[in-house]
Amino acid sequence: MTDTGSTAPDFRLPNREGESRTLSQYRGAPAVLVFFPFAFSPICTDELCHLQDHTDTFEEFGARVLCISTDSHYALDAFARQESYDFEMLSDHWPHGEVARAYGVFDEQEGCARRHTVTVDASGIVRDVSSADMTEAREWDRLRGVLENLPRP
C-alpha cells in the first residue's frame, strides 16, 4: 500500500467519457482518490451517493474527487448517469487494475480495487490512506479532518 509522506504514483486513465486524465494534471489542489470495487453494487452506490451529497466539503477545501474502479469507462458512464454523479470517474480497466496495483489496493482474488481512500495534497504527496472491508462502507467522518489539516500551497 502507498505510504503517507510518499509521492503519489502518477497515472493516466480514461474518464467515463473516454478522455485521458492524469493525477499530475490536478497538481496545485488536493485530490481524494476513492478506489471502489464495482459500479452498481449496493455498497459502492451508497458510498458514491454520500460523496455526491457532500460535494460542498470538497469545494470548501478546493479538493478534487477522483473515483477509480476496474470497471470499463462505459460502465462508469452508465453508473454516473444513473446516479447523477458530478465528480470524476476513472476506469482502471486496462491494463486491468494497474493503478490499483501501483497504490497497493488491488484485490487479486476478486479482480478489483479494494475500498480505499487516498488523500493527496496539492504537491502530490500522500497525506492519508484509509480503508474499509470489501463488505462494509467506509467511514467518511475522518476525511474532513484530513482535508482541514492539509498543508496549504
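The values are calculated or read from the model by the stated rules, or taken from the named source; none is laboratory data. Remember, predicted model here, so these are calculated numbers, not experimental data. No Cβ is skipped: glycine too gets one built from the backbone with ideal geometry, and neighbour counts run over all protein chains shown. Just so you know, the surface numbers come from the protein's heavy atoms only, side chains and all, with ligands and any DNA or RNA stripped out. Shrake-Rupley method; radii C 1.70, N 1.55, O 1.52, S 1.80 Å.
Quick look at the values:
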| quantity | calculated |
| --- | --- |
| Residue-by-residue Karplus 3J(HN,Hα) for segment 78-83, coefficients 6.51, -1.76, 1.60, Hz, glycine and proline x | 4, 4, 5, 5, 4, 9 |
| Coarse-grained scattering of the chain at q = 0.08, 0.15, 0.17, 0.20 Å⁻¹, given as base-10 log I(q)/I(0) from a Debye sum over alpha-carbon atoms | -0.19, -0.70, -0.93, -1.37 |
| Whole-Hz ³J(HN,Hα) from phi, Karplus 6.51 cos²θ - 1.76 cosθ + 1.60, for segment 105-113, glycine and proline x | 10, 8, 9, 4, 5, 8, x, 8, 6 |
| For Leu90, distant residues with modelled amide H under 5 Å away | Cys67, Ile68, Ser69 |
| Per residue value of the accessible surface for the chain (all protein chains in place, 1.4 Å probe), Å² | 48 |
| Surface share of carbon and sulfur [accessible, 1.4 angstrom probe, percent] for the chain | 45 |
| Amide H partners (placed H, <5 Å) of Arg64, local residues excluded | Ala31, Val32 |
| Segment 39-89, relative contact order [Cα under 8 Å, separation at least 6], % | 48 |
| Cβ crowding within 10 Å averaged over residues, with 17-26, 60-69 ranked highest first | 60-69, 17-26 |
| Amide H contacts of Arg21 (H built 1.01 Å from N, under 5 Å, at least 5 apart or other chain) | Leu13, Asn15 |
